[in-house]
Amino acid sequence: MFKKLNIALGGLLIGSAIVSPIIGEASIGDQTVKRGMSSNDIKELQEYLIAKNAFPYTKATGYFGPITEKSVKEIQKKYHLKKDGIVGKATAGKLKVLHNGDAGRPVTKLQNLLKAWNAFEGSPDGIYGGSTANAVKRFQKKNGLQADGIAGSRTMAMLNKKQVRQKVKEMTVNSTAYTANCKGCSGITKVGMDLKKYSKGKVIAVDPKIIPLGSVVDVEGYGKAVAGDIGGAINGKEIDVFKSGLGDAMDWGRKPVKIKVYE
């Protein structure tokens, strides 16, 4: 997908875990939202749009502008809903159903909930693949739900009966840089972000076993970014920071940096 510019070197130091506020059930659908509005509900909406590869920005902004409206209309068209760009219960209901192929922050939250119910093995990675689908099926079967491996409203309502605390992990990782502007590079990340179109985005490529996709990551010397991509050369406690220009990516070099991961 992208051209890897450097190989990470140096030691690694795992820091302490900090507990932050409880994660609640998504609130989109509780009230109608549309273009021109700004709220935390819209951030949640955008996170679901990102998870379904329908939102081109690199992070949720909380503002319902023309790009969000266009993304909503794409979802409405896909599910044969009224294509008005307004998010009410019907549109929100479709967005909040998670299934195989979704990726990002909502999937990480789902995996953390499954883990709290002892239904998910391993570390959350933000990727809804076979292991997550099987975990959902186990949970559904155990709780008398239809075991289809799809996290719909009934499954999420049951999962949310347990509260999960979001962890903020601190660690030092090896870092390198990459660019989307290279021969053969598509610019499309694992969660569907187009970095050629939105070159000012703050995005990092990660090993999802260490940093789940969709996590917000505060990177020393780079700022807050979204873990939006993976790479074959990114293994363990390593990250690749996105830079729009080749020169900027080369200037970043290879170095250890401190990070905070907000799953």
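The values are calculated or read from the model by the stated rules, or taken from the named source; none is laboratory data. Keep in mind that this is a model prediction, so the values were computed, not measured. Cβ placement follows ideal geometry from the backbone for every residue including glycine, while neighbour counts extend to all protein chains displayed. Surface accessibility is based on the protein's heavy atoms, side chains included, excluding ligands, DNA and RNA. Shrake-Rupley method; radii C 1.70, N 1.55, O 1.52, S 1.80 Å.
Scanning the stretch 80-106 for residues that are charged (D, E, K, R) and within 15 Å of the chain's Cα centre (by Cα) yields LYS96, ASP102, ARG105.
Okay, residues lined up against (1) of a type in the set (D, E, K, R); (2) open to solvent by less than 70 Å² (accessible area, probe 1.4 Å); (3) at pLDDT below 90:
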position: SER16; (1), (2), (3): no, no, yes
position: THR32; (1), (2), (3): no, no, no
position: SER38; (1), (2), (3): no, no, no
position: GLU44; (1), (2), (3): yes, yes, no
position: TYR48; (1), (2), (3): no, yes, no
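Would it be correct to say that GLY104 is touching a residue at least 60 places away in the same chain (Cβ under 8 Å), on the phi > 0 side of the Ramachandran plot and open to solvent by less than 40 Å² (accessible area, probe 1.4 Å)?
Judged against the criteria, GLY104 is a match.
LYS115 - would you say it is within 19 Å of the chain's Cα centre (by Cα), of a type outside the set (A, V, I, L, M, F, W, C), surrounded by fewer than 22 Cβ atoms within 10 Å (Cβ to Cβ) and at pLDDT 90 or above? So LYS115 passes the test. Taken across the stretch 67-78, residues that are in contact with a Lys or Arg (Cβ under 6 Å, 6 or more places away or on another chain), under 25 Å from THR189 (Cα atoms) and of a type in the set (Ser, Thr, Tyr) do not occur at all. Looking for something in a helix (DSSP H, G or I), open to solvent by less than 30 Å² (accessible area, probe 1.4 Å) and either farther than 26 Å from LYS73 by Cβ or aromatic (Phe, Trp, Tyr) (or both) - is there at least one such residue anywhere in the stretch 121-134? Yes. Output the number of residues of the stretch 139-156 satisfying the condition of being free of Cβ contacts under 8 Å to residues at least 24 places away in the same chain and surrounded by fewer than 18 Cβ atoms within 10 Å (Cβ to Cβ). Qualifying residue count for the region: 9. Exactly one residue among ALA116, ALA133 is in contact with a strand residue (DSSP E or B) (Cβ under 7 Å, 6 or more places away or on another chain) and in contact (Cβ under 8 Å) with a residue 24 or more places away in the chain, and that residue is ALA116. GLN166 passes every criterion in (1) assigned to a strand (DSSP E or B); (2) of a type outside the set (D, E, K, R); (3) farther than 22 Å from LEU49 by Cα apart from (3). For the stretch 184-240, filtered to residues that are among the hydrophobic types (A, V, I, L, M, F, W, C) and surrounded by fewer than 17 Cβ atoms within 10 Å (Cβ to Cβ), the residue that is modelled with the lowest pLDDT is CYS185. Screening the stretch 208-263 for strands (runs of 3 or more DSSP E) wholly inside it with 1 or more residues that are more than 14 Å from the chain's Cα centre (by Cα) and closer than 24 Å to LYS196 by Cβ returns the ranges 216-219, 223-229, 238-242. Are any residues in the stretch 67-96 closer than 28 Å to ILE211 by Cβ, open to solvent by 40 Å² or more (accessible area, probe 1.4 Å) and touching a residue at least 24 places away in the same chain (Cβ under 8 Å), and if so, which ones? Hit for the stretch 67-96 is LYS96, nothing else.
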